[in-house]
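The values are calculated or read from the model by the stated rules, or taken from the named source; none is laboratory data. Bear in mind the structure is a predicted one, so any value in this text is a computation, not a measurement. Cβ: placed from backbone, ideal geometry, glycine included. Neighbour counts: every protein chain shown. Please note that ligands, DNA and RNA were not included when accessible areas were found on the heavy atoms of the full protein model with its side chains. Shrake-Rupley method; radii C 1.70, N 1.55, O 1.52, S 1.80 Å.
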Amino acid sequence: MPHDSTAHDSTAHDSVILSRTRAGVCTLTLNRPDKLNAANDELLLSLAAELKRAEADGAVRVVVITGAGRGFCAGQDLGDVSGRDMTFTEHLNATYNPLIRTIRTLAKPVISAVNGVAAGAGASLALAGDIRLWAQSARLIEIFSNIALVPDSGSTWFLPRLVGYSRAFELMALAERVDSDAALKMGLCEHVFADETFMADVQAYAERLAARPANALKLTKQALNDALTGTLDEALDQEAALQQLAGDHWEHQEGVTAFKEKRAPNFVRAED
Ligand code: T3D
């Protein structure tokens, strides 16, 4: 795989977000395992900053978000809420919402690698990735109603688009746990991998994405996200505009040349 020469671990191991780049894949690990990676402000702001750093890093072609220990993310750290000097609205607008927007607009594919329980805003984070890969023992709980809150951080947008309105409402109202078999059937994840080999399988999957044409994937992500909120007419216009950007890029020439020469295309170049 390309970019092995740029492999690096950029953060100290006691940081709330661990960052490791291998073969074009930057893995960001939420690192509060004693609390199932429940999110405090430091974690949320650091994750957003690391995502922006990965976006700007030419050696990174795919970003993976996962959790340390047995949890993915148990949502808001409930120990941090009382005495907070912010309203709920202010807090969401300052922390979770920019993070979710960053994931969905990042110019590189983001994989949610759900290694364990994803609850509350942690479930939203699990849903926000472009691709969702789950470990066999992972589970998702729209747990907000257990503490009489409303689903936030994008869950009300992501979940009904994946499972339909009524299933989404039921999962939110009853805070039912979804295990990995059910998640696969419902379309909450694309693949389930064995716990024992989970991160190796995630890395291998991410490296497949990293070998794909980065510019075309960036534009595809933009087109899909726009299409989710627009009309057919708008989508057709947007496809035509973005196709020009894709068609003018060297990747397109390489793909066509490789086809004619009956060889595999090489979409990874130093100038990327
Ligand atoms: O701006 C705003 O503040 C609004 C935003 C809200 C967004 C939200 O996310 S609201 C939802 C918040 N999250 C929850 O309500 C989930 C609370 N956690 C649980 O219900 C359970 O922990 C789980 C179902 C996720 C997992 O259960 P289990 O049995 O596997 O683990 P556990 O034993 O409950 O948890 C292990 C430890 O993690 C435990 O600590 P201890 O006793 O070993 O010292 C537990 O207290 C801690 N932990 C788990 N979740 C949180 C947490 N600590 C703080 N905050 C948590 N969310």
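Each Lys and Arg Cβ is given +1 and each Asp and Glu Cβ -1; about its Cα centre, the chain then shows a dipole of about 460 debye. Can you give the FRET efficiency for Arg101 and Arg263, using 1/(1 + (r/R0)^6), R0 = 41 Å, r = Cβ-Cβ distance, to the nearest 0.05? It comes out at approximately 0.55. The DSSP beta bridges internal to the chain are antiparallel in roughly 35% of cases.
Using every pair of separate Cα atoms, the Kirkwood estimate puts the hydrodynamic radius of segment 44-95 at 13.5 angstrom.
Keeping the other protein chains in place, figure out the carbon and sulfur percent of the accessible area of segment 44-136, with a 1.4 Å probe. Carbon-and-sulfur percentage of accessible area, whole number: 57. At an R0 of 25 angstrom, the distance between the Cβ atoms of Lys52 and Arg84 translates into a FRET efficiency of 0.50.
The gain in end-to-end length when the Asp34 to Arg208 segment is fully stretched comes to 59.4 nm, 0.36 nm per residue minus the alpha carbon separation. Rolling a 1.4 angstrom probe over the protein heavy atoms with all chains in place gives segment 61-104 an accessible area of 46 Å² per residue. Where the centre of each part is set by its Cα atoms, how far does segment 36-84 sit from segment 210-272, in angstrom? If we compute the Cα centre of each part, the gap is 29 Å. Sequence-distant contacts, meaning Cα pairs under 8 Å at least 6 residues apart, place the relative contact order of segment 27-167 at 24 percent.
Find out how many positive minus negative residues lie around Ser46, taking Lys and Arg as positive, Asp and Glu as negative, among other residues whose Cβ is under 12 Å from that of Ser46.
0
Under the rule of -39500 (n - 2.57) per DSSP H run of 4 or more residues, summed and divided by the residues of the chain, what mean residue ellipticity at 222 nm is obtained, to the nearest 500 deg cm²/dmol? Taken over the chain, the calculation gives -14000 deg cm²/dmol. The simple spin-label model puts a point 7 Å past each Cα toward its Cβ; for Ala173 and Lys185 those points are separated by 2.1 nm. For Arg139, the residues whose amide H sits under 5 Å from its own are Gly116, Val117, Ala118, ignoring neighbours fewer than 5 places away on the same chain, with H placed 1.01 Å from N.
Sorting 99-112, 130-143 by their mean Cβ neighbour count within 10 Å, with the most densely packed peptide first, gives 130-143, 99-112. Using only alpha-carbon positions in the chain, the gyration tensor eigenvalues give semi-axes of 32, 22, 18 Å once each is multiplied by 5 and square-rooted (largest first). With every protein chain in place and a 1.4 angstrom probe, the accessible-area ranking of Tyr205, Tyr165, largest first, reads Tyr165, Tyr205. Rolling a 1.4 Å probe over the heavy atoms of the protein chains gives segment 139-272 an accessible area of 61 Å² per residue.
Provide the FRET efficiency to the nearest 0.05 for the Thr197-Ala235 pair, computing r from the beta carbons and using R0 = 30 Å.
Working: r = 38 Å, r/R0 = 1.28.
E between Thr197 and Ala235, to the nearest 0.05, is 0.20.
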